[in-house]
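Engineer: Would you mind keeping the following structure in view while I ask a few things?
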Protein chains: 2
Amino acid sequence: MSPVHRTPPRTAPGDRALDSVMFALDRTSPVPLYYQLAQQLEAAIEHGALTPGNLLGNEVDLSARLGLSRPTVRQAVQSLVDKGLLVRRRGVGTQVVHSQVKRPLELSSLYDDLESAGQGPTTRVLRNEPLAAPADAAAALGLAEGTEVTVLERLRCTHGRPVALLRTYVPPALLELPTQRLESTGLYRMMRSAGIVLHSARQSVGARAATAEEAALLDEKEGAALLTMRRTAYDDTGRPVEYGSHVYRASRYAFDFQLLIRP
Amino acid sequence: MSPVHRTPPRTAPGDRALDSVMFALDRTSPVPLYYQLAQQLEAAIEHGALTPGNLLGNEVDLSARLGLSRPTVRQAVQSLVDKGLLVRRRGVGTQVVHSQVKRPLELSSLYDDLESAGQGPTTRVLRNEPLAAPADAAAALGLAEGTEVTVLERLRCTHGRPVALLRTYVPPALLELPTQRLESTGLYRMMRSAGIVLHSARQSVGARAATAEEAALLDEKEGAALLTMRRTAYDDTGRPVEYGSHVYRASRYAFDFQLLIRP
DNA sequence: GAGTGGTCTAGACCACTGA
DNA sequence: CAGTGGTCTAGACCACTCT
């Protein structure tokens, strides 16, 4: 038996590097406390102050040390668990996931489409006009076949070379779509500016051989393997706001994404 | 003005069908209350008792009516918001998403791989042996190149016809992989039985032309467009447990999934 | 048995929305 | 303005894991 009366130094196998990390919470900030904490925890993990091994002292101590209630600390921790950075084990503790794969890097191509404006990628609008909706677009948008919609065809390039050919159908009168702004700003930012809040999207990814026309536009050979993607996007009321049928050069593009498996 | 003193009938524009729905909460059950409530809400939505329009009375009333605290009710509602079934609007209320797309149907092919055992799909193991890890597999699994791993090659069929050719590398000594159980049970179930808890996976989907060998196995023509998918799966400690490099017949398979866009 | 996360309560105040 | 969700507190008991 140890002659120590107090709690021993406690550098257990799964030692808690968190003790040395300082957190600065600003109660006057409009940013929620749980969110401030989550951000600082995430930064500490990324920056390496919190090593993958095992860690993160128990929630009761942590909340006492931070001057927060346990539910608030839990809310912060939970958000990182949802991001896949932490794992909770009942009776054990909360650990930082080993993970080579730090950044979840968000999800697949929608993210690209959301962000690809201004910087490297450029977009050329090949077509932007009203059209009687074809069967697939009408079905996806919940309209009668033949309803007038706006059809866009855009050629997306990175490093000056084509990557994707995007055909998009937008419901009538949803928003103005001046070609110039489409090329400079991107469809999703225009929607956001118009007060349309994206909520979810349904995607289907497949493959097929390039047609002669696609091959010419994309600088591929006819019959080359292309990635295809059909997507219907919905706003926060569940209303479809876009249906797209796109092809990507398989030689220059792939869909990368991380899944979290939920029990 | 109405001569009524009490609260009027209150069949406002966004009327609350929830008032007529009964909830049965069992406090003796080991199932958490918030989870019971979430399930019953989800069932009510799916079954149509809660119509897409607008709905769901405020959380304070709801918790009072159910005899629960507001945080508990919030936890239930939040889980459905996370699933994309409900939308909260501050100052307005919580609404059922219109959504054509009811079932989120989980995510892409991993789900298929998890579930495709026993029923329609069958799996034939073409190869199951130790092998010095090639560069890509070693990198993905965090091993030195040439480390001995187990390589699996499996041909997956539905309706008696081939759909996919799966090449999988499993770290050494992770678990036993008898061919017969692989064909009857599936890799993921075997992992689960071995106490391996899947946590996340990184996937990359692309396309390319079929080689002669692939074409022969998959009953396609050489040069046909195939979907390709590379996946590294991790368990809950962040340890890589599988690296796969797979090809799917584009004529018979596509990756379908739903994204939720988070602000 | 000690320590952990999982769940739950009964309040409180604030920020935003809409009439 | 009243009503809504968003955040936060300070406790409580339970279920599980590990030693």
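Engineer: How would region A:152-263 be classified by its alpha-carbon gyration tensor: rounded, prolate or oblate, with rounded meaning a/c under 1.5 and the a/b versus b/c comparison settling the rest?
Structural biologist: Oblate shape, in that a/c is at least 1.5 and b/c is the bigger or equal ratio.
Engineer: How far is B:MET22 from itself in the other copies, in nm, if each label sits 7 Å out from Cα along the Cα-Cβ line, shortest first?
Structural biologist: Sorted ascending, the copy-to-copy spacings read 6.0 nm.
Engineer: Relative contact order, percent, of region B:108-249 when contacts are C-alpha pairs under 8 Å separated by at least 6 residues?
Structural biologist: Relative CO of region B:108-249 lands at 23 percent.
Engineer: Output, in nm with one decimal and in ascending order, the distances from the B:THR179 label point to the matching label points of the other copies (7 Å from Cα along Cα-to-Cβ).
Structural biologist: 6.2
Engineer: Next up: Taking amide H atoms as placed 1.01 Å from N in the peptide plane, list the residues 5 or more away in sequence, or in a different chain, whose amide H sits under 5 Å from that of B:ASP236.
Structural biologist: Close amide H contacts, sequence-distant or interchain: B:VAL197, B:HIS199.
Engineer: At a probe size of 1.4 Å, how large is the accessible area of A:CYS157, to the nearest 10 Å²?
Structural biologist: 20
Engineer: Another question about this same structure. By how many nm would the segment from B:ALA49 to B:THR211 lengthen if fully extended, with 0.36 nm per residue of separation less the alpha-carbon distance?
Structural biologist: Difference between extended and current length: 53.1 nm.
Engineer: For B:VAL197, go 7 angstrom from Cα along the Cα-to-Cβ vector, then report the distances to that same point in the other copies in nm, smallest first.
Structural biologist: Result for B:VAL197, in nm, nearest copy first: 3.4.
Engineer: Once fully extended, how much extra length lies between A:HIS159 and A:LYS83, figured as 0.36 nm per residue of separation less the alpha-carbon to alpha-carbon distance?
Structural biologist: Extra length from A:HIS159 to A:LYS83 when fully extended: 24.2 nm.
Engineer: Run through region A:135-239 and list the GluC sites (Glu not before Pro) located in a DSSP loop whose Cβ has at most 12 other Cβ atoms within 10 Å.
Structural biologist: A:GLU145, A:GLU176, A:GLU222
Engineer: Roughly to the nearest percent, how much of the accessible area of region A:108-249 is carbon and sulfur, given a 1.4 Å probe?
Structural biologist: The C+S portion of the solvent-accessible surface of region A:108-249 is 48 percent.
Engineer: Estimate for me the total accessible surface buried between chains A and B (protein heavy atoms, probe 1.4 Å, no ligands or nucleic acids), in Å² to the nearest 100.
Structural biologist: The summed interface area works out to 3900 Å².
The values are calculated or read from the model by the stated rules, or taken from the named source; none is laboratory data. For clarity, every value in this text was computed on a predicted model and none was experimentally measured. Please note: Cβ atoms are built from the backbone with ideal geometry, for glycine as well, and neighbour counts cover all protein chains shown. Just so you know, the surface numbers come from the protein's heavy atoms only, side chains and all, with ligands and any DNA or RNA stripped out. Shrake-Rupley method; radii C 1.70, N 1.55, O 1.52, S 1.80 Å.
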